[in-house]
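Readers should treat all values here as calculations from the given coordinates under stated rules, not as data from a laboratory. Computed from a prediction, not measured in an experiment: that's the story for all the values here. Positions of Cβ are backbone-derived with ideal geometry, glycine not excepted, and every protein chain shown enters the neighbour counts.
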Amino acid sequence: MTANNPLAEAGTTLIFAVALVVEGALFVVAMILGALFDAPPMATWAGADATSAAWGLAASLPPALTIMWALHQRADFAWRLLEQAEESVGALLRLAPWQLAIVSMMAGLTEEALFRGVLQIAATGTLAAWLDGAMAQIYGIGVGALLFGLAHPISRTYVVFAVLFGSWMGVLLLLTGNLLAPIVAHAAYDFILLLYIRWAWQDRPGHGAELPVAEADELA
């Protein structure tokens, strides 16, 4: 993990600061693209309320629990996702829980503002000129999800999972009609999994040594 991650040996204060700067930069990109495409992400906050937040929390559980269950069952695809994601987020696992909570909230806000609040909405609006409303919505969700997946090029498996997750967030935006639900869902999902990997997985005794030989060879 340290060979490919320049932050692996950095202090937690620096790791935390870099994470916030990166997520903050994404929000700036979202605001710029929103202005260019006439799709300001904050416009999708209309109607946001406690019910939207509750739907977001509920929506975070199926993908989070699926990954947690798969890791517990030692499923091959989950092992691959874990090993591949560790190269990218391994440094984050050293942060304190309160820092992970803030990073997760920032990721939910900025990434959903960009990929759902701007790109999905802009794609839907553009496609509506050629497709009926329902099809434009479906393809708009697909465009946002695909771009979200391509923005996470950790591996082909990870990209596919990110596309599926992005589609789930896009459907959530469509069903609730506001951006708060996918923001909360994304933030809660990230926080739950980061805590699970940090406490129940990465720090468990014998991590790596318990991986069956066949799976270890495949992940090498």
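Data for the structure
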item	result
Condition broken by GLN73, with the remaining ones in (1) surrounded by 15 or more Cβ atoms within 10 Å (Cβ to Cβ); (2) over 20 Å from GLY170 (Cβ atoms) satisfied	(1)
Qualifying residue in the stretch 159-175 (condition: more than 23 Å from MET42 (Cα to Cα) and touching an Asp or Glu at 6+ places or on another chain (Cβ under 9 Å))	no
Any hit, the stretch 136-144, residues being under 15 Å from the mean Cα position of the chain (by Cα), small (Gly, Ala, Ser) and at negative phi	yes
Breaking point among (1) over 19 Å from the mean Cα position of the chain (by Cα); (2) surrounded by fewer than 18 Cβ atoms within 10 Å (Cβ to Cβ); (3) of a type in the set (Ser, Thr, Tyr), for THR66	(1)
Within the stretch 167-200, considering residues that are crowded, with 21+ Cβ neighbours inside 10 Å and among the aromatic types (Phe, Trp, Tyr), the one farthest from PRO63 (Cα to Cα)	PHE191
